[in-house]
1. Restricting to the stretch B:10-47, name every residue that is more than 7 Å from chain C (Cβ to nearest Cβ), over 20 Å from the mean Cα position of the chain (by Cα) and buried (at least 18 other Cβ atoms within 10 Å of the Cβ).
2. Which pairs do you get when a residue that is more than 10 Å from chain B (Cβ to nearest Cβ), found in the stretch A:147-163, comes within reach of a residue that is at pLDDT below 95, reach meaning Cβ atoms under 6 angstrom, with the pair 6+ apart or on two chains?
3. Let me spell it out: the conditions are (1) farther than 28 Å from A:ASN193 by Cα; (2) of a type in the set (A, V, I, L, M); (3) in a strand (DSSP E or B), and A:ALA64 meets all of them except one. Which number is the exception?
4. Could you grab me the full set of residues in the stretch A:140-178 that are more than 13 Å from the chain's Cα centre (by Cα), β-branched (Val, Ile, Thr) and within 22 Å of A:PRO90 (Cβ to Cβ)?
5. Looking at A:LEU196, A:LEU173, A:LEU162, A:LEU167 in this structure, which one is crowded, with 20+ Cβ neighbours inside 10 Å, in a loop (DSSP other than H, G, I, E, B) and among the hydrophobic types (A, V, I, L, M, F, W, C)?
6. Give all pairs with beta carbons closer than 7 Å in which a residue from the stretch C:95-108 that is within 9 Å of C:SER68 (Cα to Cα) meets a residue that is of a type in the set (D, E, K, R) and assigned to a helix (DSSP H, G or I); count only pairs at least 6 apart in sequence or on separate chains.
7. May I ask you to verify whether A:ALA187 is of a type in the set (Gly, Ala, Ser), out of contact with any Cys (no Cβ under 8 Å at 6 or more places or on another chain), assigned to a helix (DSSP H, G or I) and surrounded by fewer than 22 Cβ atoms within 10 Å (Cβ to Cβ)?
8. Can you name the residue in the stretch A:212-235 that is among the β-branched types (Val, Ile, Thr) and in contact (Cβ under 8 Å) with a residue 12 or more places away in the chain and is also nearest to A:THR151 (Cα to Cα) among such residues?
Amino acid sequence: MDVSIWRGGDDGEYQTYQVPRLESQTVLDVVTYIQRELDPSLSYRFACRVGVCGSCAMTVNGKARWTCRTHVSKVAEGGQLTLDPLNSMPRVKDLVVDMETFFNKWADAKGSFKGDKTRDDALADISPDDPKRKISSAGIECIGCGACYATCDVIKWNPDYLGPAALNRAWTLVNDERDVTGLERLAAVAGDNGCLGCHSQQGCVERCPKSLNPTGAIAGLKRETIKAVLKGELS
Amino acid sequence: MSASALRTETYLWLAQRLSALILTICITVHIATMIIAVQGGLSSEEIIARIGGSKIWLCFYLVFVSSVAVHAPIGLKSIMREMTQIPMKRIDFLSILFSLIIGVLGIRAAFGLYGLGGA
Amino acid sequence: MKSIHNHPNYWAFIMHRFSGLALVAFLPVHLYVLGLALADSSAFDNFISWSNTPLLKFLETVLVVFLSAHLTGGVRLLALEFLRWRDWQKSMVALSCGISICMGLVFFLNAT
C-alpha cells in the first residue's frame, strides 16, 4: 500500500513509500518497516509499542492516534495512509514534535501532586468509593500522549490556552484530598487561558485513546474557579 | 496573569452565562409570541396594541434587551479574539460599542412602542 | 470537512457560533425595522407586505431555526457547565437539533 509521510520540519514535503500489506499490521509496524528497510533517515518516536507509554502518538489520516494501537485495516482508506506529526506542536523532524510547551503547560496548571505528609505519618485514609476519589481516579490514567492537545481547536486559536491534558490533570488533583496546593492551582487554571477557554467541542473526548473526559474535567474546573472568584479567594 | 484580570475574565464569562439563562425565558416567550402573533400577518397596529401601554410587556422587553446587550457582545468578543487578528484593546472597544448600540436601539424601541399605546 | 471535526459536538459548536453571529448581524436590522413602526407606521406596514413573499418567509424561518438552535444549544452548554456530567452528550445535540427544526416548521407553517 501507499504510505505518505511528512518529511522535514515546518518546511518539507510528503514522501511516499510502498509498504507490503500484512494481516494484523499496526501503523507503528509500517513506520518501523519504512525506517528499517526503505529509508533509515526517517525520524519517529516510540518506546513500549504496546499502548502504555504514549510516545508513538502521530496524526494518522488526519486524526491523532497511538500508532502502536492503530490497526492499518481500521484506518487505511483505499489502501492509503498519510502520516503527519502531531498538530499544534513545533515540528522537529519528520514525525517528531517538540513537546516542551505541552509539558510546560502541565506545570503551569499546577499539574503535579504536592502533599504535606512524611513517611513517618499514617497513610491517608480515603475510601475508593469516596466521591471525590472517584472523580480523581476517573482522570488519572492520562499518560501525556498529546493526542487531545493536538486535536483541540482552542489551542490553535489561542496558543496560550493550557489545553485539555494539563487541565484534566489539574482536575484530578483538585479532587485529591491529600494535595495541599489548593487555591494556587485554581488560580493557575482560571481565566480565558485556563478552563474558561474551553468551548466544550469534545474533540479531546473523541480522540483520547484512554477514553478520558477532559471536557468534563474542565467543566468541573469552571465551577470550582468561579466559586473561588465569587468568594474573593483568588488573588 | 494578574488576579484582577482573572476576576474580570471570570465575571464576563459569568455575565454571559447568567444573561443566557435569562434569555432562555425571554426567547421562549419571543418565539411563542412570533408564532402566535404572526397568525394572519403582522402589522404595526397589532404590535402597538399588544405592547402599547402595557407595563408588563415594557418590563419584559427591557429585561430582554438588557440581557442581549450583555450576552451578544461577550460572545462576539470570543469570536473576534479567536478567529480574527484584531488587537485586544480594539476588541474590547468594539464589544462595548456594540453593547451600547443594542442597548440604546432596543430600549428606545421598547419605550417608544409602549408610549404609542393608549390606556 | 476535516476528519477530526467530523463529530456531532463539533457541528453543534459551529452551529452555535454561526447562529450567534447571524443573529448579531440581524439584530440591528430588526431593531431598525421596529423603529419604523415608531416613526412611521405606514413604512413599517410597507415593509411587512414587502416581506410577505415565500423567499422572505423562508429566510425568516431560517432565522427562527437559528434562534432555536442557539437557545437549545445554549441550554445544552449551560447543563454541561453547571450540572453534573451526563454521558449522553450526543443525544443532547440531537435533541437540540430536533427542537430547532420543529420550531422552524411550526413558524413556517404558521406564517404561510
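The values are calculated or read from the model by the stated rules, or taken from the named source; none is laboratory data. These figures come from a predicted structure and were not determined experimentally. Cβ coordinates were reconstructed from backbone atoms using ideal geometry, including for glycine residues, and neighbour counts include every protein chain displayed.
1. B:THR10
2. Cβ pairs passing all conditions: A:THR151/C:ILE4.
3. (1)
4. A:VAL154
5. Testing whether each residue is crowded, with 20+ Cβ neighbours inside 10 Å, in a loop (DSSP other than H, G, I, E, B) and among the hydrophobic types (A, V, I, L, M, F, W, C) leaves just A:LEU162.
6. That search, which allows pairs on different chains as well, returns C:SER96/C:ARG76.
7. Yes.
8. Going residue by residue through the stretch A:212-235, those that are among the β-branched types (Val, Ile, Thr) are A:215, A:218, A:225-226, A:229.
Imposing the further condition that a residue be in contact (Cβ under 8 Å) with a residue 12 or more places away in the chain reduces the set to A:215, A:218, A:225, A:229.
Working: A:THR215: 13, A:ILE218: 16, A:THR225: 25, A:VAL229: 30 Å.
Residue satisfying both the conditions and the ranking: A:THR215.
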